[in-house]
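For reference, the structure discussed in these notes is given below.
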Amino acid sequence: MEERDIRFVRLWFTDVLGYLKSVAIAPAELEGAFNEGIGFDGSAIQGFARVYESDMVAHPDPGTFQSLPWRGTTQGTARMFCDIRLPDGSPSFSDPRYVLKRALEKAAKMGFTFYTHPEIEFYLFKPPIVPGQVPEPVDSSGYFDHTTTSAGTDFRRKAITMLEQMGISVEFSHHEGGPGQQEIDLRYADALTMADNIMTFRVVIKEVAALQDLFASFMPKPLTQHPGSGMHTHVSLFEGERNAFHDGSAEFNLSKTGRHFIAGLLHHAAEISAVTNQFVNSYKRLAGGGEAPSYVCWGQNNRSAMVRVPMTKPNKSSSARIELRSIDSAANPYLAFALILNAGLDGIENELPLPEPAEDNVWTLTDRERQALGIKRLPRTLEQAVRAMESSELVAETLGEHVYDFVLRNKRAEYDEYMREVTQLELTKLLPSL
């Protein structure tokens, strides 16, 4: 810190909904933070604790130390992610990072390391953003458009430079299908590192946008007539140096382990949706068609399927993976990755059978054809997702009693508030004629 002229250290952690929390300390206080942690009122954090059990302690993880480039190179600021504990030193079961660590420990006992690679979509809008009004995108470009004057081109270059300064490797970036919509893909990493990287990514994107007098949004479906923002996530399991999903002699080069993992994801898809797609608005994206899946199925070259098996690179078994396409950019990555992993592990442990792949465009099939193929719908609303989650032993065990109960109560309240709201559509369609 002395070499980098760091004057403030921000300690980061997330609440249960995935909103970033932060407290700043001076470098002189860091040794004490390592030894004793920094106390805070857990009852003031979404989903953390009740008033009568509110004392919690944030312990910084030194392996996550990075300086924040947008704060400058003199009298700078750094950040570290924290693990949340109780005053007696035991882990807090309400800490999303600990939820993921528990799932990773289970995978490790089975001999697996869990890797993820997200494709993160978001929109850039012109300020000001006025609540209740449709935002204006920064451009009218489309998928993969190459432009020299678009604000998005310069934005992506600066954002990627800043991400790489923080040790976050970027694999691809491009303009997405909606006006003002961008995609940046992070290079694969173990799931805990990637969840930390996603939280950092969101901060960097917001900061770079503000520096350019823009507004970046990870809202799943901000524009009615244009695509929503997903976070297609490629996942794989490794046993040491060997990719457990690869079998060069099998169809799609997909091993039995990989097939059972997909079967687990399909089996538990509805149950985990209230976390992978946690907002009322998330279901506007899933109902919107295009490349956002609405049905529980899998395929190889089928981008209408919920799970896709990308083609592996010749002679590169490490590239074998599966792609979950339902998750959106607003999910809490710690909780989402924990549920994705445990759903897949359940498929492996119980050797769940994998149904036949859906190689047709699932959107064009009739309900009767989908029923004949055994293809079920994903939840169409947050209410349906909550109902599926209420009866899920896997979600309850993965999240732990406290987080599980909070998510259910919070999502019920969100849906109830949504149902009480008179929408612009109702005012437009009904008010003039009734």
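Relative contact order for the chain: what is it in percent, counting Cα pairs under 8 Å that are at least 6 residues apart? Please report the intermediate quantities before stating the final value.
Details: 850 pairs, mean separation 65.9, N = 434.
Over the chain, the number comes to 15 percent.
Of the options GLY240, TYR283, ILE262, report the single residue whose Cα projects farthest towards the positive end of the charge dipole of the range 223-284 (beta-carbon charges: Lys, Arg +1; Asp, Glu -1).
Selected residue: TYR283.
With θ set to phi - 60° and the Karplus curve 6.51 cos²θ - 1.76 cosθ + 1.60, what are the ³J(HN,Hα) couplings of the range 18-32 in order, to the nearest whole Hz, using x for Gly and Pro?
Ordered by residue, 3J(HN,Hα) equals x, 7, 6, 10, 8, 9, 9, 10, 7, x, 5, 8, 5, 4, x Hz.
So what is the 222 nm mean residue ellipticity for the chain from helices alone, if each DSSP H run of at least 4 adds -39500 (n - 2.57) and you divide by all residues, rounding to the nearest 500 deg cm²/dmol?
Working: 12 runs with 148 residues, N = 434.
The per-residue figure over the chain is -10500 deg cm²/dmol.
Which whole-number percent gives the relative contact order of the range 24-83, counting Cα pairs below 8 Å spaced six or more residues apart? Kindly include the intermediate steps, with their values, before the conclusion.
Numbers: 70 pairs, mean separation 15.9, N = 60.
Reported relative contact order: 27 percent.
Short version: ³J(HN,Hα) in whole Hz for each residue of the range 83-91, in order, from phi by Karplus 6.51 cos²θ - 1.76 cosθ + 1.60 (θ = phi - 60°), x for Gly and Pro, what are they?
Result, rounded to whole Hz: 9, 9, 10, 7, x, 7, x, 6, x.
Put +1 on the Cβ of each Lys and Arg and -1 on the Cβ of each Asp and Glu in the chain; which of SER318, VAL130, ILE6 then has its Cα farthest toward the positive end of the dipole?
Towards the positive end, the residue furthest out is VAL130.
Any idea what the dipole of the range 6-92 comes to, in debye rounded to 20, about its Cα centre with Lys/Arg Cβ at +1 and Asp/Glu Cβ at -1?
Dipole magnitude for the range 6-92 comes out near 460 debye.
Given the peptides 353-365, 92-104, 73-85, arrange them by the average over their residues of other C-beta atoms within 10 Å, most packed first. Walk me through the numbers on the way to the answer.
Numbers: 353-365: 15.2, 92-104: 22.1, 73-85: 17.9.
Order by mean packing, descending: 92-104, 73-85, 353-365.
Could you tell me which of LEU399, ASN302, LEU431 has its Cα farthest along the dipole of the chain towards the positive end, charges placed at Cβ (Lys, Arg +1; Asp, Glu -1), taken about the Cα centre?
The listed residue farthest towards the positive side: LEU431.
Using the Cα centre of the chain as the reference point, and only Cβ charges (+1 on K/R, -1 on D/E), how large is the resulting charge dipole? Debye, rounded to the nearest 20.
700
Given a 10 angstrom Cα cut-off, can you work out which residue in ASP41, ASP196, ASP88 is the most mobile in a GNM of the chain?
Of ASP41, ASP196, ASP88, the Gaussian network model singles out ASP88 as fluctuating most.
To the nearest 0.05, what FRET efficiency results for GLU417 and GLN371 with a Förster distance of 35 Å applied to their C-beta separation?
0.55
List the residues, sorted by chain then number, that are 5 or more residues from ALA244 or on another chain and whose placed amide H is less than 5 Å from its amide H.
When sequence neighbours closer than 5 places are left aside, the close amide H contacts are LEU237, PHE238, GLU239.
Can you tell me which of 175-184, 388-397, 252-261 comes out highest on packing, and rank the rest after it, using the mean Cβ neighbours within 10 Å? Walk me through the numbers on the way to the answer.
Values: 175-184: 23.3, 388-397: 17.1, 252-261: 21.3.
With the highest mean Cβ count within 10 Å placed first, the list reads 175-184, 252-261, 388-397.
Check LEU186: other-chain or 5+ apart residues with amide H under 5 Å from its amide H, H built from backbone geometry?
ILE120, GLU171
Only the coordinates and a few stated rules stand behind these numbers; no lab work does. Here the structure is a predicted model, which means the values were calculated and not measured. Glycine gets a Cβ as well: all are built from the backbone with ideal geometry, and neighbour counts include every protein chain shown.
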